[in-house]
1. Tell me, what is a quarter of the convex hull surface for the C-alpha atoms of the range 338-459, in nm² with one decimal?
2. Using alpha carbon coordinates only, what is the Rg to Rh ratio of the range 402-459, with Rh defined as the Kirkwood radius?
3. Given 0.36 nm per residue, what is the gain on full extension from residue 147 to residue 292 after removing their alpha carbon distance, in nm?
4. Within 10 Å of each residue's Cβ, count the other Cβ atoms and sort 169, 158 from fewest upward.
5. Could you work out the relative contact order of the range 376-459? I mean the mean sequence separation of Cα pairs under 8 Å and 6+ apart, divided by the number of residues, in percent.
6. Starting from the Kirkwood radius over alpha-carbon pairs of the range 279-417, derive D by Stokes-Einstein at 10 °C in a medium of 1.306 mPa s and give it in µm² s⁻¹.
7. What nm distance separates the two modelled labels at residue 111 and residue 164, each placed 7 Å from Cα along Cα→Cβ?
8. Using Cα pairs closer than 8 Å and at least 6 residues apart in sequence, work out the relative contact order for the range 372-415, in percent.
């Protein structure tokens with residue numbers, strides 16, 4: 001019996017669950033974690049799920065229970081047709097975001113200053129800082145760690161750790177990071193301390209890292225547009241775009257250190273390494289990168305691991321860091337991470353699907369770019385399982401004339417897009433279930449809505 005897209009999606013999700021483990025913070029109770037298994041064992045298990053002639057009854061029962069739990073949460077969030085605006089819960093904090101980021105990016109070199117701030121001129125979606133701020137506010141009412149934590153003031157996170165004269169030596173015209181951000185003075189004075197200054201800064205750091213990754217990705221992908229405008233590499237050249245991205249990562253690292261929270265520094269620094277690892281994985285469509293590959297469940301697991309590293313790592317670790325900065329207990333910290341991980345995977349799956357279904361004008365970047373770059377994403381992988389003919393095209397990365405059009409046609413003729421949508425929906429529901437235990441609040445509702453909007457988005 002052929003599994004339906006949703007059943008296949010559950011099996012697909014199970015693959016990445018075995019690839020990605022949750023690590024408990026030092027000194028905290030160990031959370032439930034996925035069993036660590038060898039790559040070969042994981043592949044064999046996933047293959048049995050996909051190829052079995054019947055579903056195991058225990059598996060089906062577990063799926064039904066999970067579906068009922070998640071369904072009740074989703075139903076509660078959307079009852080009476082209520083429309084929730086996630087931005088409303090953190091609107092005051094978000095209005096200062098771009099201005100504060102630009103202050104962190106000031107450079108004494110005019111050309112570098114322009115290039116570094118280039119992607120801050122056009123308003124992006126700011127999804128990642130929005131999620132960080134919502135998570136910060138949503139976890140404020142959650143149980144706290146028994147060990148008290150010193151809360152960093154606004155002045156502290158804007159103050160250097162090393163002597164200022166050392167940091168600015170030989171660069172006296174550099175914009176100092178040690179000056180306070182006046183645009184946040186009124187906001188802090190209003191007493192809105194359910195989001196701490198360190199959590200606000202974390203949201204800005206998250207956007208800095210994301211923007212740096214865009215600068216680097218656009219060079220690697222030879223992109224010509226971003227957010228409806230010429231890409232930075234087209235505007236300034238590849239060398240300047242790469243250097244601007246490096247500069248953003250440098251400034252993000254300085255701001256991160258000034259949070260003075262060792263575990264948060266470790267988490268977010270790991271994200272930067274993950275981004276590079278994911279980009280290297282993306283250079284190959286399969287683990288062995290054969291010339292004439294055959295579809296296997298290993299291919300699906302490889303794709304999802306790459307997706308976690310390139311997209312979900314930043315969201316998940318930033319959510320976890322937000323909870324840590326708020327001194328939340330271990331259960332809350334793990335729930336924040338689980339929400340971000342599943343939301344990040346859902347977000348990228350939808351992004352890969354939109355590359356086949358949405359115009360470049362709507363996306364603000366060229367549509368169909370993945371195939372042009374030789375990338376096999378989820379819709380094509382699902383189609384490949386149904387049509388082995390795609391293997392030869394994947395092996396040569398759609399390099400021959402007509403390969404891109406043929407691959408696109410085969411994907412659209414298959415149910416690859418539907419299976420991708422079903423898998424993204426499963427991850428979205430898992431993200432919602434992760435925060436089901438949070439106290440009711442406008443911020444929690446905003447997080448639920450973000451997960452639901454991820455599935456519905458058209459750009």
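1. Result: 8.0 nm².
2. 1.21
3. 46.6 nm
4. Fewest-to-most Cβ neighbours within 10 Å comes out as 169, 158.
5. Worked out over the range 376-459, it gives 29 percent.
6. For the chosen part, D equals 98 µm²/s.
7. Computed distance between label sites residue 111 and residue 164 equals 3.0 nm.
8. 48
Read-outs throughout are calculated quantities, based only on the coordinates presented, and are distinct from any laboratory measurement. These numbers come from a predicted model, not from an experiment. Don't worry about glycine lacking a Cβ; one is built from the backbone with ideal geometry, like all the others, and counts go over all protein chains shown.
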